[in-house]
Structures are given as structure tokens and as C-alpha cells.
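Colleague: The following block contains the structure, expressed as C-alpha cells.
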Amino acid sequence: MKIVVLSGGKSTERNVSLSSGVKISNALRSKGYEVANIDSFLGIDIEEDQIDSLFKTEAEDETKLIIDDEVLTDEKIEALRTDGTRGLLGKNVLKVCQHADMVYLGLHGEDGENGKMQAVLDVFGIRYTGSGTLSSAVTMDKKFSKEVFVQNKIKTAKFIATKTSKITKDEIPFRFPMVVKPSNGGSSVGTHIINDESELQAMVADALKFDKEALIEEYIDGREFSVAVVDGQVLPAIEVVVDTGWYDFQHKFTENTTTHFMTPPENLDEDIHLEMQEVALQTFEALSMTSYGRVDFLVRDRDIYVMEANTLPGMTPRSLMPREAEAVGISYPDLCDKIIKSKMRYYDELEK
């Protein structure tokens, strides 16, 4: 079976995606798939009669897994494309995808997770992993997804959205500290904890560098967990503990000794753990997520708050979902294989 892994792309999480793409590609090759790992934004210069030669079974160099912690702007990413083309997809990307049995979306961030890529693939009848167009768009937009949580009685932090940094504390119906983040974004890029009004407008302005709208949430001082769902199986929660600071981009993706991951979590009542897993499934269904995804939580006392959901969870060496899978005996290659096969079954059922 031929698989195209799309990675890179155009978002602040481009470097994270490139790391995921190499690891996913090698994992799938180890399971017997023929894989072409393509940068969806840069594309590839190749003649159509040579495309089949891109699908390889030998592993790539995994030194590419090292993630540069630079936050890339649109301008910096666009400067990487030098062939004069414009748009979501680089040269020949669509043609390569049409040669595959399935596209594995190893993309993260805006243009990989917000439904645009899914819509293009849907239009051309190309099968792909993860959730569909509408689910991806709603889940990526934190304001819309939180409104879905409220409608479905899924507990989440209080919030408001703003398109301007000229906002005062009197317009916000909760107290400091607060959290501000881009409505569309990930990996904590542009996310800040605000302690008082002197920081408010500057931090909102920074979040607005990454999206046209910023979300301001009440700060929940609690333990941080994540629960993945893969092919209907709810994995054990993983707890993230940071000794200093909080779980920002550097703690997520660069090697350090101050971030600790525990799965299953220690010193957590089993009934809380089970309820969290039930809420993960409820969130998955409320957002119409397909095949696999991840739900992030904060737990304060015995109250469980959904922070957000992720339709294309990270698959880097430090990512959460692979750790959860490993805790129940699912290896990284088996996890990637499971993601492919579960979405294949989904498409097969649609065509019956």
C-alpha cells in the first residue's frame, strides 16, 4: 500500500510537523508500507512518470527529528518557496497524493488542522487520516469549540474572544490571572498567562500576531492531563508536570529536565481518571472527530475542565499520544498503522 505523509506546511508549528513527518514515515515503512514524505507547502519538482519512485521502504535519517525552537512567521515560511508558486499546496503535491492509497496528515497548526487541507483532499476524492473538514475547522478554532463544549454541557474555563488588544479588565467577566491565546493556533505559540492589567493589552496584542482573534480564559490552577482516543479506544490519561514555569513550546518540544510525563497518572483517584476518559469520548463525539484525536484537561480539586481538543495530535519523540499508547502496549509503528487502518475502514463503510 502506498502512503503519502504530508508534513511541514505553513503554520507556526511547521518545525514540529517536519519532525512528526520523518518519524511517522519511518514507522509506516517498518510496517511494510511504501511511503513518500512530502512537504505540503514546498512541494517537489518531479515529472509525473517519476512519482512512483518517491514511495520508498527504507528509513530516512532521523536526525531530522530535532526541532528548531524558532517560531516561524508567514513571511519566513513563504520565503522558503522559491519556485514562484502560491497557495496552500506546493508544486506537484496534489499529483503525488493522487498516486497514493491514503494520505497520512502529519501536519500541525493552522493550514494543516483548520479544515483547508481536508477540504482540498475531499474535493479530489483523496483519502486521508484524521477528522473531516467541518470537524477540523471547528476543533481548531478554540472559540467555536468551546461554544460546542458549553452547548454539550462539557465543563470548560470561562472565556471571551476579542479581535482587538484595546481591551480592559472591565470587559472581562472573570478575575486575574487569565490566559490569552490565539483562537486558531497550537503548541502554545502566542499563549501567555496574564497576572494583572498592566500585562493585558500587550499579551493580547502578541496573541493577535498569530490569528485575527484572541481567546481570553479564566486561569484554572490545576493538574494538567491529556487523553487520546484511537479507533474507539480511550487511552490512559497522561499527566504533564513542569517543575518551573508552564507547559509552553520549549517544554513541549525541546529536551529538558524540568518536564515530566506520567501515564497512567500517579496519585489520581480512579473515578476521576475514568470520568476524564468518559469526557474525552463525549468531547470527541460532540466535535464529530473521526478515527483518532486528543483532548486536553485541567483538573482542579475534583472538577474536570476540557481545555481543548486536537484532531492531529503531535507525533514527535516528545509528544503525548505516543506515550499514552506505549503505556498500553501499542508501539509507535503499531499506533501509526492503527491510525491508517481505522480511517480505511471508515472510508470503506461510507462506500457500502
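Colleague: Among the residues of the stretch 83-107, write down those that are touching a residue at least 60 places away in the same chain (Cβ under 8 Å) and either of a type in the set (Asp, Glu) or open to solvent by 10 Å² or more (accessible area, probe 1.4 Å) (or both).
Modeller: Taking the stretch 83-107 first, the residues touching a residue at least 60 places away in the same chain (Cβ under 8 Å) are 88, 93, 96-97, 99-107.
Passing the criteria: Leu88, His99, Ala100, Asp101.
Colleague: Where the second residue is at pLDDT 90 or above and open to solvent by 20 Å² or more (accessible area, probe 1.4 Å) and the first is of a type in the set (Gly, Ala, Ser) and lies in the stretch 206-224, which pairs have Cβ atoms under 6 Å and are six or more apart or on separate chains?
Modeller: Filtered contacts from the stretch 206-224: Ala214/Leu208; Gly222/Leu298; Gly222/Arg300.
Colleague: Right, another one. Test Ser136 against the stated conditions and say whether it is among the hydroxyl-bearing types (Ser, Thr, Tyr), closer than 22 Å to Leu72 by Cβ, in a helix (DSSP H, G or I) and under 15 Å from the mean Cα position of the chain (by Cα).
Modeller: It is true that Ser136 is among the hydroxyl-bearing types (Ser, Thr, Tyr), closer than 22 Å to Leu72 by Cβ, in a helix (DSSP H, G or I) and under 15 Å from the mean Cα position of the chain (by Cα).
Colleague: Is it true that Val229 is under 25 Å from Glu110 (Cβ atoms), part of a strand (DSSP E or B) and not small (Gly, Ala, Ser)? Please lay out each step first, then the result.
Modeller: Numbers: under 25 Å from Glu110 (Cβ atoms): yes; part of a strand (DSSP E or B): yes; not small (Gly, Ala, Ser): yes.
The answer is yes for Val229.
Colleague: In addition: Could you please give the count of residues in the stretch 204-234 that are under 15 Å from Ile172 (Cα atoms) and open to solvent by 50 Å² or more (accessible area, probe 1.4 Å)?
Modeller: The qualifying residues number 1.
Colleague: Still on this model: Check Gly84, Gly43, Gly8 and return the single one that is over 24 Å from the mean Cα position of the chain (by Cα) and on the phi > 0 side of the Ramachandran plot.
Modeller: Gly84
Colleague: From Ser17, Ser25, grab the single residue that is crowded, with 19+ Cβ neighbours inside 10 Å, touching a helix residue (DSSP H, G or I) at 6+ places or on another chain (Cβ under 8 Å) and part of a helix (DSSP H, G or I).
Modeller: Ser17
The values are calculated or read from the model by the stated rules, or taken from the named source; none is laboratory data. Source: prediction; values computed, not measured. A quick note on method: Cβ atoms are made from the backbone with ideal geometry, for glycine too, and the neighbour counts reach across all protein chains shown. Protein only, heavy atoms only, side chains kept; ligands, DNA and RNA dropped before computing areas. Shrake-Rupley method; radii C 1.70, N 1.55, O 1.52, S 1.80 Å.
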